[in-house]
Structures are given as C-alpha cells and as structure tokens.
Ligand SMILES: Cc1cc2nc3c(=O)[nH]c(=O)nc-3n(C[C@H](O)[C@H](O)[C@H](O)COP(=O)(O)OP(=O)(O)OC[C@H]3O[C@@H](n4cnc5c(N)ncnc54)[C@H](O)[C@@H]3O)c2cc1C
C-alpha cells in the first residue's frame, strides 16, 4: 500500500505556464508512494500557451488549435487532480486557510480549503487585452481571434506603440503576413530593445530597412524613437501627425493579475507584483506562495523563467511533504532570449551580448515553440511531461 497524505491539499490559482509546470513537477517529484490532492483553479476552461504563437494566431487563427489544451486530467504517478473552471478569486482567508471563488456563469461563491496555496495568475495587457484569453470557451476565443484577424487584414495602416521584444515580434509577423500595410512604430525610448546591447537595436533597424526596400513608397515602415503617442490628438509629443484610420497595437503595460489581492493582506509592490522571498513564499505568510509573472522576483518575466521557478517550488514542496529538510533557494537568472522578426529572421540576445542573428533564429523560435506545443496540446501529456 502506498503512503497516502490525504490531509495535504494544494491549491494552485492560475493554470497557466507556471501553475501547470509547478503541478506536473510536484506530481513527478512525489513519485508513486504519495497520493496528493491538487486543485487547479482557472477562470477559463482550457489551457493556452502564450508565446510568439499567440501573435501568429492573430494573423492565422487556425494556429490557435496548436496552442490550447481543452482538458488536462492525466497526471504523472496517479495523483488526484481537481480542476475548477470559470472561477475567479474573491477572497483569501489566512486564518481559516480558505479561498473563495465566484462561478462566472452562476455567480455562486464557493470556498476551497488549502494547506498550501500557490498563486500563479500571471499578468495581463489592459491596452491589448486580446493577447491573453479571458473568460469564455475555446470556441469563443477562436472567434475573437478570427474577428481580430479580419480587422488586421482590413487595416489601412497600423500603429505599433512600444519597442520591446513583443513590439519587435509583432512588427516581424505583420511584415510577413501583410507586407503592403504601412506601419508606424512609435517608441518612447531612444532604442528598440533598449535593455539589450546596442547591436540588437541596430539589427531591428536593418530589418526595417530591408523590409522597406521591398515596399512601395506609401507602404513603408516608419520608426519614430524617443517620442510618445497622444491617441486623442493623433499626434506625438514632437508633433508628428499619425494616421487617423490606423489599427493600433499597444505593446506595453503588462500588469500582474493581483487586483484586489491587497484587500486580503497579500503584500504587493507599487507595480502590483506579489512580494515573495527566494523560496517564493509570500512575505508575512507561512503557506502561501506566488510563481511566474505575478511575483516580484527580479528577472525577465518569461515562460522560460516561470519554468525554472516552478521546478524549484515543486522540488521544495515535494521535499517538505516527504519530510526531507532540503529547501532550495532560487537564484534569479539572466535568460537568453530569442526574438523573432517574422518566420525568417530573428536574433538571440543576452543582457550583455548578442549571441546570434539571422534566418536561423526566426526558424529556431518557431521550431522550439512547436516542440513545446506538441506536449501542450496533448491532454495525455500536459500534466505528465515537462513541456518547457
Ligand atoms: C506575445 C507574447 C510572447 C511571448 N513570448 C515568449 C517567449 O518567446 N519565451 C518566453 O519564455 N516567454 C514568452 N512570453 C512570456 C510568457 O508567456 C509568460 O511569461 C508566461 O506565460 C508566464 O506564465 P504565468 O504562469 O506566470 O502566467 P500565465 O501563463 O499568463 O498564466 C496565468 C493563468 O492564470 C489565470 N488567471 C488569471 N487571473 C485569475 C483569477 N483571478 N482566477 C483564476 N485564474 C486566473 C489565467 O487564465 C491564466 O491561465 C511571451 C508573452 C507574450 C504576451
């Protein structure tokens, strides 16, 4: 007979990258001798991987099929998993160790008890909400993407606001899919990819020059740096007039999904990230943790770093449950980042250097993401294999 630990209830709020990787890591690390009850709560009834493919799905909505998993139940080592869909966190009671959820459809409230609570609610883009799925079914999400793809197709002009990796990748996709739509990109910073070395900016500008060489005069890509858009007046700070009929992509303003958490004494930074220590434990609590985009660990907020966090957090909890004293302290990492510029161009960058540029990196980004998605979209493997 295996040992059972029926009294240990782990609740994970947010079934995104870090929530799923933490859960699958925990199941694997505990082995067959421990049976655990994990509840994953997510406001939407499916898993969606958010990456470059999300942008691609805005141009080619059928790509969305590759990025979603409609129902994930198969766990490694036969552990017990409960998935609550369509619920939103409305209360955390640290005395009774309960969280309260509200059903989207019925609005009924429901209380869930936990011994360990992991908050992994990610972030959202209020100025570009379609980037992240919200409530509703896969079909509704797909229709939303279909509708948006038609809007892009019909756009007489596109304005991209921002100059980070997300803005660069979007520029690349737009150039691939619609080389005839004129694009104006406005960035408040003097450089594109301004946290990367100067060479990254130079490479993006060369990409724009190459794209422009193939575009007609009235279809050119125009990059305006060190300036700010005023949407009300359709001008910039420096008085550049912008087209009034453009479709606008606001590629900035990611904010952690912690609205309301402060009311339950979850300590937040000024930007809204949950304050944690290097074991991901929320400051001032004993059994509440936060993982991924939502916490204040000082590193790039990426799926790649969410994976590393989930690995350490699941190892630590597995050790705790098995009575092993070892707890690993997390070391924030500087990750290598691949930024695609469409399917056929891109670069690999670090904070201090550029590791490579060219066709291979556009291809590589798609290839790596496809490998991830092979596991993501298979209900048999999402929770039993390491997908990232
Ligand atoms: C366009 C784009 C491209 C990217 N490309 C890359 C890349 O190439 N490489 C890379 O490493 N990273 C990339 N990232 C970043 C990566 O997607 C995130 O860092 C990663 O998804 C973070 O994981 P997470 O679990 O913290 O959040 P998420 O994956 O966003 O998961 C959060 C989950 O919480 C749920 N949720 C939120 N609020 C509630 C609530 N109140 N109640 C219940 N559930 C809730 C959401 O539905 C969601 O499922 C990209 C991001 C974007 C937007």
Debye intensity ratio I(q)/I(0), log10, the range 1-124, q values 0.16, 0.17 Å⁻¹ (C-alpha model): -0.84, -0.92
P(r) tail fraction, the range 255-306 - alpha-carbon pairs more than 16 Å apart, %: 33
Give the relative contact order (percent, whole number) for the range 141-260; include only Cα pairs under 8 Å separated by 6+ residues. 34
If each DSSP helix of 4+ residues adds -39,500 (n - 2.57) and the sum is divided by the residues in the chain, what number results at 222 nm, nearest 500 deg cm²/dmol? -9000 deg cm²/dmol
Quickly work out the residue 103-to-residue 180 label distance, labels modelled 7 Å from Cα along the C-beta direction, and quote it in nm with one decimal. 5.1
Prolate/oblate/rounded call for the range 181-252, Cα gyration tensor, a/c under 1.5 rounded: oblate
For residue 320 and residue 283 in one chain, what is 0.36 nm times their gap in residues minus the Cα-Cα distance, to one decimal in nm? 11.4 nm
How do 52-62, 67-77 rank on mean C-beta neighbours within 10 Å, highest first? 52-62, 67-77
Compare the peptides 241-254, 100-113 by average per-residue count of other Cβ atoms within 10 angstrom and give them in order, highest first. 241-254, 100-113
Sequence gap at least 6, Cα distance under 8 Å: using those rules, report the relative contact order of the range 75-221 to the nearest whole percent. 13
Mean projected area in nm² (Cα convex hull; one quarter of hull surface) for the chain: 19.8
With label points set 7 Å from each Cα along the Cα-to-Cβ direction at residue 110 and residue 222, the distance between them in nm comes to 5.2
Mean separation of Cα pairs under 8 Å and 6+ residues apart, divided by the residue count of the chain: what relative contact order is that in percent? 21
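Readers should treat all values here as calculations from the given coordinates under stated rules, not as data from a laboratory. Quick caveat: nothing in here was measured; it's all calculated off a predicted structure. Counting neighbours? That spans all protein chains shown, and the Cβs are built from the backbone with ideal geometry, glycine included.
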